[in-house]
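Reviewing the structure listed below.
The values are calculated or read from the model by the stated rules, or taken from the named source; none is laboratory data. Computed from a predicted structure; not experimentally measured. In this analysis, Cβ positions are derived from the backbone assuming ideal geometry, glycine residues included, and neighbour counts consider all displayed protein chains.
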Amino acid sequence: MAEIVKKPIKITETVLRDAHQSLIATRMTTEQMLPIIDKMDKVGYHSVECWGGATFDASLRFLKEDPWERLRKLRDGFKNTKLQMLFRGQNILGYHQYADDVVEYFVQKSIANGIDIIRIFDCMNDLRNLQTAVNASKKEKGHSQVALSYTLGDAYTLEYWTEMAKKIEDMGADSICIKDMAGLLVPYKATELISAMKEVTSLPIQLHTHYTSGVASMTYLKAVEAGVDVIDTAMSPFSMGTSQPATEVMVETFRGTPYDTGYDQNLLAEIADYFRPMQEDALKTGLLNPKVMGVNIKTLLYQVPGGMLSNLVSQLKEQGAEDKYYDVLDEVPRVRKDLGEPPLVTPSSQIVGTQSVFNVLMGERYKMATAETKAVLRGEYGATVKPFNQEVQKKVIGDEQPITCRPADLIPPELDKLEAEMSQWKEQDEDVLSYALFPQVAVEFFKDREAKKSKIDPKAADTDNKAYPV
Ligand code: CO
């Protein structure tokens, strides 16, 4: 009888990043995280995702916390576990493209402050937009993981994904992630996809999905059987719904099989006990909407991430046009096609969503185009898998010549200019990066930080000094 080859599945825990971003608008504070990280550090996770995505923005904007300080505190606490972040390629953690010097500096400082693994993705899957971050990560001895934004559409064949996997290996990445932000990857498709990718690359493959459409844990099961190396899960109180499958459930699923993680279920239960009151509080205050915890099958029908659906609802509400919801949902795939059929993930999801709202509300398609739609059609976000709709391109940018090079090749170095603009606020090197990403929010944060230091209540100070934010 052939010996059974053990291949324990590895797990990235997302409760400190994606899970609370997906369920409670990224409002978990550092203070809420710190008491439990000692226990989390003992689980034996492959990594803990704790930074990037919206955490940076929400820390500065809503929690009035320095995201860099959070990272350093987490690094202090996690003595044995790798820390992981999410990084939007040339957009870093922002919404437009930055010059290479800013991208390189951000990577350098992220690793210097404690990040081990950087998951880098691009909303167009244009690998040129990832190369600078991958190179910088290698230079700083970090693990660079290139994530492909998973999506459906004519262009996204098995051949497309395997070709991309080969290119990622060639560009020097350490691993590949399939990032299924909308929960579109169904179980048997996962078997096909992972098997095909495993045939063309020897890089480890990680799968990231969301429970939104209800299939995620089955998808993980099939992906693991097909040879995937790492899966992303969240501790049960912040799992499922628009978040990831529950860590404890996946651990139990593989117990006693060749994929057994060996994690201690009692330890996981203690960690879950810590997070459960936080979930209950969030439900009470309304921060956690029970709606996002169920199965949303529309995400499969319309192939858009759950977060994008709720954004559309709130945009339409603001305009008093909620009755146009289904017209907008029908318009989304058309706009996506016009713009070269990109995956829908930050920032392309916002760009396609907002333009769809405009097209429906104006009563004429592209009567008004957003600045971002124009930028996409000028090639400023990179190359798309399919060509743009030329008629639409003509209507939106006229006779302007779109660019075809890597967009950041046209962006001159920005770091010196940014340093000069914010020098009065600088208390640490990293401040310039906070400013680069969210200039207004960062300045408000810096003012608040200064006010706190001199023990002046910024709100009280505001009555005397109009420079303070309200
Ligand atoms: Co995610």
Checklist entry - Any idea which residue in segment 125-156 is farthest from Leu86 (Cα to Cα), counting only those that are touching a strand residue (DSSP E or B) at 6+ places or on another chain (Cβ under 9 Å) and of a type in the set (Ser, Thr, Tyr)? => result Thr151
Next on the checklist: Based on this model, can you work out whether Gly77 counts as at pLDDT 95 or above, under 18 Å from Asp431 (Cα atoms) and among the small types (Gly, Ala, Ser)?
Outcome noted: no
Checklist entry - Given the residues Val48, Val15, which is the only one that is over 13 Å from the mean Cα position of the chain (by Cα), free of Cβ contacts under 8 Å to residues at least 40 places away in the same chain and within 16 Å of the ligand (Cβ to nearest atom)? => result Val48
Next on the checklist: Against the conditions (1) within 16 Å of the ligand (Cβ to nearest atom); (2) part of a loop (DSSP other than H, G, I, E, B); (3) more than 19 Å from Lys10 (Cβ to Cβ); (4) in contact with a helix residue (DSSP H, G or I) (Cβ under 7 Å, 6 or more places away or on another chain), where does Leu287 fall short? Just the number, please.
Outcome noted: (1)
Checklist outcome for this item: The residue that is farthest from the chain's Cα centre (by Cα), considering only those in segment 370-408 that are of a type in the set (Asp, Glu) and in a loop (DSSP other than H, G, I, E, B), is Asp399
Checklist entry - If you check Val345 against the conditions, is it aliphatic (A, V, I, L, M), in a helix (DSSP H, G or I) and on the phi < 0 side of the Ramachandran plot? => result no
Checklist entry - Here are some residues: Ala420, Ala460. Which one is at pLDDT below 95, among the small types (Gly, Ala, Ser) and surrounded by fewer than 16 Cβ atoms within 10 Å (Cβ to Cβ)? => result Ala460
Checklist entry - Does segment 160-174 contain at least one residue that is within 16 Å of the ligand (Cβ to nearest atom), modelled with pLDDT of 95 or more and over 27 Å from Ile36 (Cβ atoms)? => result no
Next on the checklist: Out of the residues in segment 178-195 meeting the condition of being charged (D, E, K, R) and part of a strand (DSSP E or B), tell me which one is surrounded by the most Cβ atoms within 10 Å (Cβ to Cβ).
Outcome noted: Asp180
Next on the checklist: Looking only at residues that are within 22 Å of Ile117 (Cβ to Cβ) and in contact with a helix residue (DSSP H, G or I) (Cβ under 8 Å, 6 or more places away or on another chain) in segment 197-207, which one is farthest from the ligand (Cβ to nearest atom)?
Outcome noted: Ser202
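Rundown of residues vs (1) surrounded by fewer than 20 Cβ atoms within 10 Å (Cβ to Cβ); (2) touching a helix residue (DSSP H, G or I) at 6+ places or on another chain (Cβ under 8 Å); (3) in contact (Cβ under 8 Å) with a residue 12 or more places away in the chain, yes/no style:
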{"site": "Leu377", "(1), (2), (3)": "no, yes, yes"}
{"site": "Phe388", "(1), (2), (3)": "no, yes, yes"}
{"site": "Gln393", "(1), (2), (3)": "no, yes, yes"}
{"site": "Ile397", "(1), (2), (3)": "yes, yes, yes"}
{"site": "Ile403", "(1), (2), (3)": "yes, yes, yes"}
{"site": "Ala408", "(1), (2), (3)": "no, yes, yes"}
{"site": "Asp416", "(1), (2), (3)": "yes, no, no"}
Next on the checklist: When you scan segment 227-234, do you find a residue that is in contact (Cβ under 8 Å) with a residue 40 or more places away in the chain, surrounded by 17 or more Cβ atoms within 10 Å (Cβ to Cβ), touching a Phe, Trp or Tyr at 6+ places or on another chain (Cβ under 7 Å) and under 24 Å from Tyr274 (Cβ atoms), even just one?
Outcome noted: yes
Checklist entry - Quick one: Ala269 ticks every box in (1) in contact (Cβ under 8 Å) with a residue 24 or more places away in the chain; (2) more than 16 Å from the ligand (Cβ to nearest atom) bar one, so which box is it? => result (1)
Checklist entry - Of Ile194, Ile178, which residue is touching a strand residue (DSSP E or B) at 6+ places or on another chain (Cβ under 8 Å), within 16 Å of the ligand (Cβ to nearest atom) and modelled with pLDDT of 95 or more? => result Ile178
Next on the checklist: Among the residues of segment 62-73, are any out of contact with any helix residue (DSSP H, G or I) (no Cβ under 7 Å at 6 or more places or on another chain), touching a residue at least 24 places away in the same chain (Cβ under 8 Å) and either among the basic types (Lys, Arg) or within 16 Å of the ligand (Cβ to nearest atom) (or both)?
Outcome noted: yes
Checklist entry - Within the bounds of segment 208-216, is there any residue that is without any contact (Cβ under 8 Å) to a residue 60 or more places away in the chain and more than 16 Å from the ligand (Cβ to nearest atom)? => result no
Next on the checklist: Considering only residues that are aliphatic (A, V, I, L, M), farther than 17 Å from Lys189 by Cα and within 13 Å of the ligand (Cβ to nearest atom), which ones fall in segment 217-251?
Outcome noted: Ala234
Next on the checklist: Could you tell me how many of the residues in segment 18-37 are of a type outside the set (Ser, Thr, Tyr) and within 13 Å of the ligand (Cβ to nearest atom)?
Outcome noted: 5
